[in-house]
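The values are calculated or read from the model by the stated rules, or taken from the named source; none is laboratory data. None of the values given here were measured: they were computed from a predicted structure. We place every Cβ from the backbone using ideal geometry, glycine too, and count neighbours over all the protein chains shown. What goes into the accessible areas is simple: the full protein's heavy atoms, side chains included, and nothing from ligands, DNA or RNA. Shrake-Rupley method; radii C 1.70, N 1.55, O 1.52, S 1.80 Å.
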Amino acid sequence: MMFKFVVRKLRWLARIPVLPQLFDAGLMVATMLFDRPRLRAMEMFENAIRRKYTIQRRPHRFGGVGFFIGTREIGHLHGNGLLDLFVGKSLRAEQVRRGRALPHHVFPDSGWISFWLKSPADIAQALELFEIASVYRTTGQLISRAH
């Protein structure tokens, strides 16, 4: 997959201004053209979090769209449906161990997780992970759900 290659082997390109946003725009175009279920899932996810939270949507520094509550980034969604959320290290380990999320695609040992939105069937799990991240980022409390 091109995304993995670029992220793993050409990571230094992310330091070039505007290049991450252009790359992500290309991912979004490819998603729009070739993967309509994924695009629909991305739209449904954004609509759901905007209904539930007072979210500020901003361009993310590494491409995609960032979701902020106040000044705190809860996570960001790349143009290929990859959702990255900050849940802290202990919850990251728990979510990865339970198979509910993957280690972050660039910083696997950080407090970030990655989750692939592939179809509308993934929305419920993405929203649960977003809830965990939003509580952690806005209150500093660790929450765990037995799902």
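Some notes on this structure:
- Filter result (over 23 Å from G140 (Cβ atoms) and crowded, with 21+ Cβ neighbours inside 10 Å) within the range 54-73: G63, G64
- All positions within the range 82-97 that are within 18 Å of W116 (Cβ to Cβ) and either polar (S, T, N, Q) or touching a strand residue (DSSP E or B) at 6+ places or on another chain (Cβ under 8 Å) (or both): L82, L83, D84, L85, F86, V87, R92, Q95, V96
- Selection within the range 74-100 - open to solvent by 20 Å² or more (accessible area, probe 1.4 Å) and either without any contact (Cβ under 8 Å) to a residue 40 or more places away in the chain or in a loop (DSSP other than H, G, I, E, B) (or both): K89, R92, A93, V96, R97, R98, G99, R100
- Unique match (being under 25 Å from A25 (Cβ atoms), touching a Lys or Arg at 6+ places or on another chain (Cβ under 8 Å) and open to solvent by 30 Å² or more (accessible area, probe 1.4 Å)) among P103, P120: P120
- Only listed residue being modelled with pLDDT of 95 or more and in contact with a Lys or Arg (Cβ under 7 Å, 6 or more places away or on another chain), chosen from V65, V96: V65
- Inter-residue pairs, beta-carbon under 6 Å, first outside any loop (DSSP other than H, G, I, E, B) and in the range 112-140, second surrounded by 21 or more Cβ atoms within 10 Å (Cβ to Cβ) and among the basic types (K, R), 6+ apart: I113/R92
- Residue in the range 44-53 that is more than 14 Å from K118 (Cβ to Cβ), open to solvent by 70 Å² or more (accessible area, probe 1.4 Å), in contact (Cβ under 8 Å) with a residue 12 or more places away in the chain and assigned to a loop (DSSP other than H, G, I, E, B) present: no
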